[in-house]
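The values are calculated or read from the model by the stated rules, or taken from the named source; none is laboratory data. Just so it is clear, the model here is predicted, and its values are computed rather than measured. We place every Cβ from the backbone using ideal geometry, glycine too, and count neighbours over all the protein chains shown. Quick note on the areas: whole protein, heavy atoms, side chains included, nothing else; ligands and nucleic acids left out. Shrake-Rupley method; radii C 1.70, N 1.55, O 1.52, S 1.80 Å.
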Amino acid sequence: MALAACQSQKAEPEMDMQQAGERAEEILDGTVAAIQPPVKWERDNPSQLACDNGLNRPIGATSVYRGRTILTVVSARRRGELLEMVRRYWKQQGFGDFEIDSDSHMPQIRATSADGLVAILDVGDIGNVFLTAGFSCAKDSEMTYPRDTPGVPGSSVETDGLPRKYSAHWSETAPH
């Protein structure tokens, strides 16, 4: 994951970890809903990393990221269409500072909202697609997660992140 921790963060975080997680979930839910025709997806393991002052001393803030794994097989021919659809949605949501890596094998798009939310769409080596959203620094607080979030205490959900669902549109071919 191409995520930035908030080392040597100068500005005070504007929201706490719970608010950051909820905002990330909101943009991820909107992003997958904007993909048409719809794709199958699942929540990915969330991540948190304590922010520090650059000398490994915590500053009372934590980076908070949430994710989605697209389970629908997206063919190489359809990847550009998917990236453009997501870019348009993020732009409608007020995101800017777009960074687009048009690598034909593993493209990526990254954008930042006015409130500092970073959203990333990555295509992996085998064509698996990941969406990540979060904040590089949020005030430390308690956090809750949606019920079907893997990798958190109390969750029985497991994920392997491999695309195995086929779509006439996105996959272009059915399994043999």
| message | With angles folded into 0 to 90 degrees, how steeply does helix 17-34 sit against the dominant principal axis of the chain? Use alpha carbons for both and round to 10. | response | 20 degrees
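Could you estimate the translational diffusion coefficient of the stretch 97-153 from the Stokes-Einstein equation, with Rh from the Kirkwood formula over C-alpha pairs, at 25 °C and 0.890 mPa s, in whole µm²/s?
On the way: Rh = 13.5 Å.
Estimated via Stokes-Einstein, D reaches 181 µm²/s.
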| remark: Charge tally for neighbours of residue 44 with beta carbon under 9 Å away, counting Lys, Arg as +1 and Asp, Glu as -1, is +2
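Hey, can you rank 84-90, 144-150 by average C-beta count inside 10 Å, highest first? Spell out each step's value before the answer.
Details: 84-90: 17.1, 144-150: 14.9.
Sorting 84-90, 144-150 by mean packing, highest first, produces 84-90, 144-150.
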| query | With every protein chain left in place, what is the accessible area per residue of the stretch 115-159 in square angstrom, probe 1.4 Å? | reply | 48 Å²
| How far is helix 79-92 tilted off the main Cα axis of the chain, in degrees rounded to 10, range 0 to 90? | 40 degrees
| note | The answer for residue 137, listing residues at least 5 apart or on another chain whose modeled amide H is closer than 5 Å to its amide H, is 64
| query | Residues with beta-carbon under 12 Å from that of residue 81, excluding residue 81: net charge, scoring Lys, Arg +1 and Asp, Glu -1? | reply | +3
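Given a 1.4 Å probe and every protein chain left where it sits, what share in percent of the accessible area of the stretch 31-84 is carbon and sulfur?
Working: 1280 of 2510 Å².
Carbon and sulfur atoms account for 51 percent of the accessible area of the stretch 31-84.
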| request: Give me the percent of Cα-Cα pairs in the stretch 38-86 that sit more than 15 Å apart, rounded to a whole number. | output: 63 percent
| request: Please give the net charge around residue 111, taking every other residue with its beta carbon less than 10 angstrom from that of residue 111, where Lys and Arg add +1 and Asp and Glu add -1. | output: +1
| remark: Between residue 140 and residue 169, Cβ-based FRET efficiency (R0 30 Å, step 0.05) works out to 0.10
| Residues with amide H under 5 Å from that of residue 41, placed H, sequence gap 5 or more | 71
